[in-house]
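Here's the structure we're looking at; comments come further down.
The values are calculated or read from the model by the stated rules, or taken from the named source; none is laboratory data. Note that the structure is a prediction, hence the values are computed from the model and not measured. Quick reminder, even Gly has a Cβ in these numbers, built from the backbone with ideal geometry, and neighbours come from all protein chains shown.
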Amino acid sequence: MCKMAAIDGGQLARLTGRCLDAFKGLPRLIELDLPVGDSLVVVGDSHGDVDCVKAIAHQFLGTDGGNGTASLLKNVKLLFLGDYVDRDDRDLENLAYILSIATSHPSSVFLLRGNHEEAYSNRVYGFIDNLERLGLQGWYPTFEQIFTLLPLACYVRNQGVLCCHGMIPAMPGVVKLRDIAKLPVASRFEQWDPVTTQLLWNDPDVEEGYSSSENCRGAGLSIGQNDLEAFMVANQLRLIIRSHQAFPAGYRFFFQKRVLSVFSKPNYGMGQNAASIARLHGDGRVDILSKASNDQNFTIVDTFKLG
Ligand SMILES: [Mn+2]
């Protein structure tokens, strides 16, 4: 017996077809400028929380909260940092919603790949099981193709800000943004370039020490201050915005506010965390906005100016 899917095969065929067309030419590194008056809303892990994602689209993009897209706000862009699926029964619905707003608004909504946009994670953490329960497992290879096309990082050139799911890479010899732009496209984790693996799996060192070390996740590194500084200086960066870890407040700063971590699924797992997002303004201001699961809107909890 299949549970009723909120989305059927016909809808999936149209949506995934649109995605494959729209995403096939995407770069590995998104590069954009943010003029004064514009803002970029950066959304962390959502893992199936389609209600929270719709609230974000409604509040910041002006969509009507359903699948419609009435009154789209000008001068606001939305960047999702990955981890749309797994760890929640509504992950297909969340993914479908995010893909639909991205394909409807290609100049306003941008998607990065997270470590959960990959087959190994999807087998272990629920997305493939959920597709099977809905009788839609035949669509998995198509989703895998779509995941493979997603960019790995976003560089806001005129602000010196880099956004990625995991954290900056640390290799012998500093990685330059132009190296990220040239990374090969690969589907499965086993085929990924080491820089890709690190961008999607690394964390900042929770102790904020000087050196990087093996990550306890079994993939990637915990990045220390030395590698962070070398990367930021070589690439003339002022801030890294990343996700991949839940904190009680929904966000956390690392390394004297040079790294900002945001997580956008409230009450993740057994946790009681708020959902947080970052909003980067064209004048160099950065807002952090949070929302508890019952709140309707995100409200500003912290603001700072890029140094
Ligand atoms: Mn992650």
Legend entry - Number of positions in the range 245-261 that are hydrophobic (A, V, I, L, M, F, W, C), in contact with a strand residue (DSSP E or B) (Cβ under 8 Å, 6 or more places away or on another chain), closer than 19 Å to VAL43 by Cβ and not in a strand (DSSP E or B): 2
Legend entry - Odd one out for ALA5 among (1) crowded, with 18+ Cβ neighbours inside 10 Å; (2) at pLDDT 95 or above: (2)
Inset, instruction - For the range 133-146, indicate whether the set of residues that are closer than 29 Å to ALA234 by Cα, surrounded by 16 or more Cβ atoms within 10 Å (Cβ to Cβ) and not polar (S, T, N, Q) is non-empty. - result: no
Inset, instruction - Might you check whether a residue that is within 16 Å of the ligand (Cβ to nearest atom) and either closer than 26 Å to ALA275 by Cα or surrounded by 13 or more Cβ atoms within 10 Å (Cβ to Cβ) (or both) occurs anywhere in the range 224-233? - result: no
Legend entry - Residues of the range 89-120 satisfying the condition of being part of a helix (DSSP H, G or I), without any contact (Cβ under 8 Å) to a residue 60 or more places away in the chain and crowded, with 20+ Cβ neighbours inside 10 Å: ASP91, ASN94, LEU95, TYR97, ILE98, ILE101
Legend entry - the range 235-254, subset free of Cβ contacts under 8 Å to residues at least 40 places away in the same chain and away from the ligand (no atom under 16 Å from the Cβ), residue farthest from LYS176 (Cα to Cα): PRO248
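In the list PHE263, PHE231, which residue meets the criterion of being at negative phi, of a type in the set (A, V, I, L, M, F, W, C), modelled with pLDDT of 95 or more and in contact with a His (Cβ under 9 Å, 6 or more places away or on another chain)?
Values: PHE231 fails: in contact with a His (Cβ under 9 Å, 6 or more places away or on another chain).
Unique residue meeting the criteria: PHE263.
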Legend entry - Output for the range 151-170, where each listed residue is aliphatic (A, V, I, L, M), part of a strand (DSSP E or B) and within 15 Å of the ligand (Cβ to nearest atom): ALA153
Inset, instruction - Pairs only if they're at least six apart or on different chains, beta carbon under 8 angstrom, first in the range 171-190 and without any contact (Cβ under 8 Å) to a residue 60 or more places away in the chain, second assigned to a loop (DSSP other than H, G, I, E, B) and surrounded by 16 or more Cβ atoms within 10 Å (Cβ to Cβ); list them, first residue then second. - result: VAL175/ILE168; VAL175/PRO169; LYS176/ASN235; PRO184/ASP193; ALA186/TRP192; ALA186/ASP193
